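Structure provided below as structure tokens; questions to follow.
The values are calculated or read from the model by the stated rules, or taken from the named source; none is laboratory data. As the structure is a prediction and not an experimental result, all values here were calculated from the model. Every residue, glycine among them, receives a Cβ derived from its backbone with ideal geometry; neighbour counts consider all protein chains shown. Surface accessibility is based on the protein's heavy atoms, side chains included, excluding ligands, DNA and RNA. Shrake-Rupley method; radii C 1.70, N 1.55, O 1.52, S 1.80 Å.
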Amino acid sequence: MITRLTIKQPDDWHLHLRDGAVLGAVLPDTARHFGRAIVMPNLVPPVVGFEAAKAYRDRILKALPDGAGFKPLMTLYLTETSDGADIARAAEAGLVHAVKLYPAGATTNSDAGVRNIETVYPVLARMSEIGLPLLVHGEVVDGDVDIFDREKIFVDRILSPLRERFPDLKIVLEHITTRDGVDFVKAQNANTAGTITPHHLMINRNALFQGGLRPHYYCLPVAKREIHRSALVDAVTSENKRFFLGTDSAPHPDKDKESACGCAGIYSSPVAISCVAQVFEDAGALENLEAFTSRNGPEFYSLPVNDADMILVRDEDPVAVPEIIQAGSDTITVFNPGTPLYWRVANE
Ligand code: NCD
Ligand code: ZN
């Protein structure tokens, strides 16, 4: 049995850091394990342009623990009035590494997102020219579509035509939750990739209703049936280079999750690496872990792999995972997969 593993330091290709007290509370959990992270722009108000991204990056750097080498990779929030020239300037300055498409109404703080995809085609054409990736929240919001079908229908109705119209645009289908999403990515050219979260690799939709309503397993896209979870595990443990880790760690204060209308989002940063290592061990594929956590992402984004190594150790007893973290006067519950985790990072 493998009990020790050295891999290149991982990156997180989809992360919510928020702002203010929450930023200060969650950032150390990411900076402890990850070299870089693609930082989501769905603040209130959203991070739409160059200046807002620069100011947000400065706030993140200021909140970093002393000596942390973590590097935030900023993104811009795509709206129907986004300015292609401003986006290009932010990319050329090395400030912004991707643009995020939220269908309006699809998830937390997505109201300023896109209603009609065709309105942003000129901006997408510009991004395609300069090689700036488009990150896609892949869910339709039509009232007649069942929530568990939102991803599949998005792939059919929106993403496939988009892929055909802009073959050179780099597109990442974010937080894939279905076999349909996996099959889509596999069938496309090298400009198409997908991120997958630790929680979607570990839970299926039963977790939401295990013995009662479990708000800390609620996120968007919502977890699907077991056949889908297992397709995700197959995708990440295979040798396909176009799947990489994006935790979608999305902290919300417990009071906002444990409510009559609870927020979507799972906070997983402290346990993300332990979870993913466990998934790979359970699948008998630890030799492919490093590609998923540390190599495939940089390759897609045309960035170097991190220099530093991460040492993972498998203990005989399950590792102790924190139940909550404190953020000002609020608590934030940490993802608990409900099954033991044996892997920990030895060189934090
Ligand atoms: C995210 C959030 O809270 O910002 N929530 C979530 O359930 N994943 C938004 C998102 O990525 O959909
Ligand atoms: Zn997200």
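Of the numbered conditions (1) open to solvent by 10 Å² or more (accessible area, probe 1.4 Å); (2) within 16 Å of ligand 1 (Cβ to nearest atom), Leu78 satisfies every one except a single condition; which is it?
(1)
Might you check whether a residue that is within 20 Å of the chain's Cα centre (by Cα), of a type in the set (Lys, Arg) and within 13 Å of ligand 1 (Cβ to nearest atom) occurs anywhere in the stretch 21-41?
No, the stretch 21-41 contains no residue that is within 20 Å of the chain's Cα centre (by Cα), of a type in the set (Lys, Arg) and within 13 Å of ligand 1 (Cβ to nearest atom).
Quick one: how many residues across the stretch 5-20 are within 16 Å of ligand 1 (Cβ to nearest atom) and either without any contact (Cβ under 8 Å) to a residue 40 or more places away in the chain or open to solvent by 10 Å² or more (accessible area, probe 1.4 Å) (or both)?
Total meeting the criteria: 4.
I'd like the residue in the stretch 180-225 that is open to solvent by 60 Å² or more (accessible area, probe 1.4 Å), of a type in the set (A, V, I, L, M, F, W, C) and assigned to a helix (DSSP H, G or I) and, out of all such residues, is nearest to Pro167 (Cα to Cα).
Ala187
Could you please find all residues in the stretch 127-143 being more than 19 Å from Val185 (Cβ to Cβ) and in contact with a Gly (Cβ under 7 Å, 6 or more places away or on another chain)?
Of everything in the stretch 127-143, just one residue is more than 19 Å from Val185 (Cβ to Cβ) and in contact with a Gly (Cβ under 7 Å, 6 or more places away or on another chain), namely Val141.
Here's a follow-up. Of all residues being more than 16 Å from ligand 2 (Cβ to nearest atom) and among the polar types (S, T, N, Q) in the stretch 179-209, which is nearest to the chain's Cα centre (by Cα)? Just the residue, please.
The selected residue is Thr192.
Just wondering, is there one or more residues in the stretch 112-124 that are assigned to a strand (DSSP E or B), in contact with a strand residue (DSSP E or B) (Cβ under 9 Å, 6 or more places away or on another chain) and charged (D, E, K, R)?
No: zero hits.
If you check His33 against the conditions, is it within 16 Å of ligand 2 (Cβ to nearest atom) and either surrounded by fewer than 20 Cβ atoms within 10 Å (Cβ to Cβ) or modelled with pLDDT of 95 or more (or both)?
Considered against the rule, which asks whether it is within 16 Å of ligand 2 (Cβ to nearest atom) and either surrounded by fewer than 20 Cβ atoms within 10 Å (Cβ to Cβ) or modelled with pLDDT of 95 or more (or both), His33 comes out as no.
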